[in-house]
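S.K.: Take a look at this one; I'll ask things after.
Bear in mind these aren't lab numbers, they're just calculated from the coordinates by the rules spelled out. This is a predicted model, so every value here is computed, not measured. When we count neighbours, we look across all protein chains shown, and the Cβ atoms used for this are built from the backbone with ideal geometry, even at glycine.
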């Protein structure tokens with residue numbers, strides 16, 4: 001009777017929780033039993049491991065009763081990440097490798113039928129969790145390069161099961177290769193320059209303010225006026241991610257298939273189609289997976305054709321916009337994902353799109369316009385910081401309109417304003433709470449009077465009042481002012497007025 005124990009981790013949301021892989025060989029009728037609340041993918045490891053071991057020329061214990069336990073038993077396990085530790089446990093329990101070196105590492109990897117190691121989902125989340133422990137991490141090559149982005153963690157890579165077996169022989173003649181992290185990617189937003197958008201000075205100013213304070217922005221105007229172009233260029237105005245922010249954002253994206261680790265340090269820009277469901281936007285499923293708002297963590301979420309989204313999906317955004325996180329509750333366990341994103345939305349003024357267009361007449365009735373605008377609830381609009389109308393430019397004016405400033409110049413001003421905010425309060429202005437506003441958003445007496453009069457006349461909620469004050473704080477930061485004057489407050493009120501004028 002032989003027993004081997006290895007260490008791995010199971011993904012539950014963004015958490016990578018410790019799992020002990022216990023492999024037991026005993027006399028009796030030949031069998032291969034896998035227990036420990038494993039899903040179908042995990043149970044299929046029996047066939048992958050059997051084929052991989054025999055294809056590699058190693059001995060599979062066909063004549064023994066095999067029991068594999070994934071502990072703790074009440075923790076759900078999914079995916080093929082346990083293939084490698086199960087295979088190594090079988091080889092250690094059957095005395096084909098030295099078991100003494102197994103305890104120093106955590107293991108994860110999917111096995112092909114030929115013994116090749118394939119990447120696993122969530123390697124970066126696994127590495128962030130393993131950093132607080134005493135063990136290193138052994139992963140397939142591509143996953144190891146992803147995990148090596150985490151500083152202070154020993155990460156080794158392997159391409160084939162035989163590579164690991166050779167490193168675990170008693171003589172220790174070979175060793176696993178240390179993983180090399182992915183290099184910092186080139187900025188791919190340089191091709192999207194703000195000067196490509198002709199005219200629209202007001203919308204560009206609103207975009208600059210939104211970038212400076214990380215504010216939510218609503219763009220409204222007829223089709224073809226440049227709303228999508230403006231939204232796509234917001235990422236080019238934002239400062240680079242701090243190393244901790246880049247790792248956190250990349251860890252969330254690594255939970256989904258299709259994550260490109262070569263773009264790990266770039267701010268995410270997500271633009272889901274308007275047919276997206278609540279689960280697609282917010283997250284969910286079984287096991288829970290992150291939605292678009294979490295995939296846009298520390299980046300931009302662009303919702304084009306905003307009224308066309310299902311209303312339940314839009315209403316589900318309300319809490320994450322306030323808290324910066326989303327909690328998905330299930331009967332057995334709940335998962336929490338970060339969701340601190342910057343929302344940029346675009347919409348037409350009416351169903352036909354030409355309300356207010358001087359070049360084409362609108363064919364919508366007042367009732368149709370009211371129904372169209374009524375698809376957006378007041379509480380959701382209350383969470384928007386700036387709203388700007390993107391007008392139609394006549395062809396002659398469009399042809400002669402100046403190109404305006406390049407993104408690099410605007411990004412320089414945004415970076416200075418962000419630096420002022422971070423030095424003053426340690427967070428962007430959009431994240432200021434009521435107590436923070438009292439401490440870090442001082443108003444000159446005339447500005448305070450103007451703000452209070454506007455709030456009373458327009459019937460603002462407390463949330464709207466604070467959001468206008470945060471926008472005014474960003475406007476003052478762009479001007480390099482320590483105190484918020486009447487001009488900053490007046491401009492912030494103007495960016496709020498289109499929301500107050502909606503039916």
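S.K.: Under a point spin-label approximation (7 Å from Cα along Cα-to-Cβ), what is the residue 262-residue 62 distance to one decimal in nm?
M.R.: Spacing of the two 7 Å Cα→Cβ label points: 4.4 nm.
S.K.: What shape does the stretch 2-178 take by its C-alpha gyration tensor, where a ≥ b ≥ c are the square roots of the eigenvalues and a/c under 1.5 counts as rounded, a/b above b/c as prolate, and the rest as oblate? Could the numbers behind the result be given before it?
M.R.: Working: a/c = 1.65, a/b = 1.23, b/c = 1.33.
Here the stretch 2-178 falls in the oblate category.
S.K.: Then there is this: If you find the alpha carbon centre of the stretch 253-292 and of the stretch 1-22, how far apart are they in angstrom?
M.R.: About 26 Å separates the Cα centre of the stretch 253-292 from the one of the stretch 1-22.
S.K.: Multiplying the sequence separation of residue 382 and residue 305 by 0.36 nm and subtracting their Cα-Cα distance, what value in nm do you get? All intermediate terms of the calculation are to be shown ahead of the outcome.
M.R.: Values: separation 77, 0.36 × 77 = 27.72 nm, distance 1.83 nm.
Gain on stretching residue 382 to residue 305: 25.9 nm.
S.K.: Return the calculated 222 nm mean residue ellipticity for the chain, to the nearest 500 deg cm²/dmol, obtained by summing -39500 (n - 2.57) across DSSP H runs with n ≥ 4 and dividing by the residue count.
M.R.: On the way: 21 runs with 189 residues, N = 503.
After summing the helix terms and dividing by the residues of the chain, the value is -10500 deg cm²/dmol.
S.K.: A further question on this structure: Pulled fully out, how much extra length does the chain show between residue 461 and residue 330, if you take 0.36 nm times their separation in residues and subtract their Cα-Cα distance?
M.R.: On the way: separation 131, 0.36 × 131 = 47.16 nm, distance 3.35 nm.
So the chain would gain 43.8 nm between residue 461 and residue 330.
S.K.: Let me ask something additional. When a/c reaches 1.5 or more, the comparison of a/b and b/c decides; with that in mind, is the stretch 166-318 rounded, prolate or oblate per its Cα gyration tensor?
M.R.: Here the stretch 166-318 falls in the oblate category.
S.K.: Another question about this same structure. For the pair residue 408/residue 483, report the inter-label distance in nm, with labels modelled 7 Å from Cα in the Cβ direction.
M.R.: Going from the residue 408 label point to the residue 483 one covers 3.8 nm.
S.K.: Let me ask you something else. Which angle between 0 and 90 degrees, to the nearest 10, do you get for helix 445-458 versus the longest principal axis of the chain when only C-alpha atoms count?
M.R.: That helix lies at roughly 90 degrees to the long axis.
S.K.: What is the chain's relative contact order, in percent, from Cα pairs under 8 angstrom and six or more apart in sequence? Walk me through the numbers before you get to the answer.
M.R.: Details: 1034 pairs, mean separation 64.8, N = 503.
It rounds to 13 percent for the chain.
S.K.: Here is a follow-up. Under 1.5 on a/c is rounded, so check that first for the stretch 194-425, then, if it is not, pick prolate when a/b is larger than b/c and oblate when it is not; a ≥ b ≥ c are the square roots of the alpha carbon gyration tensor eigenvalues. Don't jump to the answer; show the numbers that get you there.
M.R.: Working: a/c = 2.14, a/b = 1.25, b/c = 1.71.
Because a/c hits 1.5 or more and a/b fails to exceed b/c, the stretch 194-425 counts as oblate.
S.K.: Could you tell me the calculated FRET efficiency between residue 438 and residue 245, based on Cβ-Cβ distance and R0 = 22 angstrom, to the nearest 0.05?
M.R.: Numbers: r = 27 Å, r/R0 = 1.21.
With a Förster radius of 22 Å, E is 0.25.
S.K.: Also, quick follow-up: What do you get for the angle between helix 201-213 and the principal long axis of the chain? Use alpha-carbon atoms, 0 to 90 degrees, nearest ten.
M.R.: 50
S.K.: Sticking with this structure for a sec: Quick one: helix 243-253 against the long Cα principal axis of the chain, what's the angle to the nearest 10°, folded into 0 to 90?
M.R.: 70
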